[in-house]
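Inspection log for the structure reproduced underneath, given as structure tokens.
The values are calculated or read from the model by the stated rules, or taken from the named source; none is laboratory data. The structure displayed is predicted, hence computed values, not measured ones. Cβ coordinates were reconstructed from backbone atoms using ideal geometry, including for glycine residues, and neighbour counts include every protein chain displayed. Just the protein is used for accessible areas: all its heavy atoms, side chains included, with ligands, DNA and RNA removed. Shrake-Rupley method; radii C 1.70, N 1.55, O 1.52, S 1.80 Å.
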Amino acid sequence: MNYDNLMRECFDLALKGSGKVLTNPMVGAVLYKDGKIIARGYHKSYYDDHAEIDCFNNLNESAEGATLVVNLEPCSHFGKHPPCVDEVIRRKVKRVVISNTDTNPKVDGISKLKEAGIEVITGVLEEEGEKLNEKFFFNMKYNRPLVALKYAQSLDGKIATENFDSKWISNEESRLFVHKLRSDYDAIIVGRNTLETDNPRLTSRITNGVDPFRVIVTSKAKLDLGYEVFKENSDNKTIIATNSKIDLGEGVKVLTLKDKNGSVDLNDLLDRIYELNIGSVLVEGGSVLNNSFLEADLVDKIYQFMAPIVVSGKNSRSAFVGKGAKLIKDAKRFRIDEIKRFGSDVMFEVNNVYRNS
Ligand code: AOF
Ligand code: ZN
């Protein structure tokens with residue numbers, strides 16, 4: 001039997017957890033018996049049940065002899081929840097069909113299932129599964145959040161004019177996609193300059209969008225709390241990341257971080273927010289912060305939007321402002337993995353060359 005369609009159903013279910021599962025993987029599960037789906041489930045958020053358990057909870061009959069299709073290997077460890085494999089075995093499922101094995105070193109569910117006499121089929125739509133959970137697999141491999149930069153530029157590579165005007169380089173369709181990205185990523189990071197010049201809300205304004213954590217990076221000791229990110233903080237997800245001593249009183253979370261050459265140490269920032277279960281971040285500028293991530297070799301991905309306009313001007317801004325490479329051979333190297341069109345704009349999804357997916 002071909003399990004592709006059932007696996008696609010798992011992917012669709014898994015995606016409902018996007019932006020909510022944080023450092024956990026997105027997982028969907030279906031139980032299939034006598035030619036039909038008898039239950040569906042998915043991992044809804046970081047603290048919620050795993051997909052398999054949610055699926056069993058939605059089941060109104062016996063699972064004995066059924067096939068469980070799930071995009072990730074069922075877990076075998078005691079984490080926030082007991083092992084899923086124990087429940088799969090207890091319910092007398094006869095076959096488990098998986099897209100990806102779990103790269104979490106604590107997990108070895110496949111051997112447990114096989115020992116219990118359950119047939120296991122792996123690798124169904126494996127590449128799609130890996131792409132779906134690229135953030136999770138990245139987290140497991142590198143032990144830190146995945147960092148993606150996002151910016152919109154003109155044909156001549158400018159993200160703002162010399163007086164920092166940047167509204168609106170990209171079109172409405174591109175901006176809609178950005179709101180989807182904001183929902184899919186766990187946090188947005190901006191530098192203090194961007195906060196002061198753009199006063200962004202950094203929320204996801206699409207239907208069912210999840211508002212991300214909003215991290216402001218600053219080295220200065222004083223900060224005005226009149227900006228939108230502080231006003232729209234009913235969810236308590238605004239964080240100030242700083243290498244100086246800031247006392248803002250109640251209400252806004254402050255992370256005091258290591259200093260690196262007078263700026264926030266970005267490795268320390270990523271480690272500290274990873275402890276808050278933030279598994280992915282979208283850096284939305286400005287040029288100096290983008291460049292700091294680049295120089296620290298912490299840019300894993302770029303979403304570069306390009307609009308068919310030319311700004312020109314020797315003082316207009318580009319996406320990265322710093323020392324720069326003296327020779328082209330020393331330029332940081334990326335790989336264009338995807339090109340999408342949004343009306344008159346083009347978006348390049350670019351990954352760092354060290355990443356293989
Ligand atoms: C599954 N099904 O739906 C998910 C799994 O702390 P815990 O107990 O939530 O465990 C988290 C780990 O479990 C996570 O790192 C990953 O290895 C696995 N996630 N496993 O069988 C699921 N979300
Ligand atoms: Zn589990």
Whole-Hz couplings from phi, Karplus 6.51/-1.76/1.60, listed for the stretch 11-26; x for Gly and Pro:
4, 4, 5, 4, 4, 5, x, 4, x, 10, 7, 6, 6, 7, x, 8
Using the Kirkwood radius over Cα pairs, work out the Stokes-Einstein diffusion coefficient for the stretch 272-357 at 25 °C and 0.890 mPa s, in µm²/s as a whole number.
164
Given a 1.4 angstrom probe, what's the average accessible area per residue across the chain, in square angstrom?
48
Once the piece of chain linking LYS131 and GLU295 is laid out straight, how much longer is it, given 0.36 nm per residue of separation minus the C-alpha distance between them?
56.4 nm
7 Å from Cα along Cα→Cβ at both GLU162 and ALA116: what's the point-to-point distance in nm?
7.0
The stretch 149-234 shape via C-alpha gyration tensor axes, a/c threshold 1.5
oblate
Of the accessible area of the chain, computed with a 1.4 Å probe and all protein chains kept, carbon and sulfur make up a percent value of 48
Amide hydrogen neighbours beyond the local backbone of LEU72, cut-off 5 Å, H modeled
GLY28, SER99, ASN100
With each run of n ≥ 4 DSSP H residues scored as -39500 (n - 2.57), what mean residue ellipticity at 222 nm is computed for the chain after dividing by its residue count and rounding to the nearest 500 deg cm²/dmol?
-7000 deg cm²/dmol
May I ask for the Rg/Rh ratio of the stretch 227-305, computed from Cα atoms with Rh as the Kirkwood radius, given to two decimals?
0.96
DSSP-defined beta bridges in the stretch 1-125 - what % are antiparallel, rounded to 5
55
For the chain, what is the charge dipole size about the Cα centre, in debye to the nearest 20, if Lys and Arg each add +1 at the Cβ and Asp and Glu each add -1 at the Cβ?
660
Considering all projection directions equally, how large on average is the shadow of the alpha-carbon convex hull of the chain, in square nanometres?
20.1
Count charges around MET7 for me, please; just the other residues with Cβ under 11 Å from its Cβ, Lys/Arg as +1, Asp/Glu as -1.
-4
Each label point is 7 Å from the Cα along the Cα-to-Cβ direction; what then is the distance between the points at LYS332 and GLU232, in nm?
2.7
Across the chain, where is the longest run that never hits GluC sites (Glu not before Pro) in a DSSP loop with at most 14 other C-beta atoms within 10 Å?
65-161
Taking DSSP loops as anything outside H, G, I, E and B, show the longest stretch in the chain free of chymotrypsin sites (Phe, Trp or Tyr not before Pro) there with at most 12 other beta carbons within 10 Å.
169-353
Hey, in the GNM for the chain with a 10 angstrom Cα cutoff, which one of ASP54, ASP186, ASP211 fluctuates hardest?
ASP54
Of the beta bridges DSSP finds with both residues in the chain, what % are antiparallel, to the nearest 5?
45
Set LYS36/LYS92; LYS80/LYS141; LYS141/LYS323 screened for pairs whose C-alpha atoms are more than 27 Å apart:
LYS141/LYS323
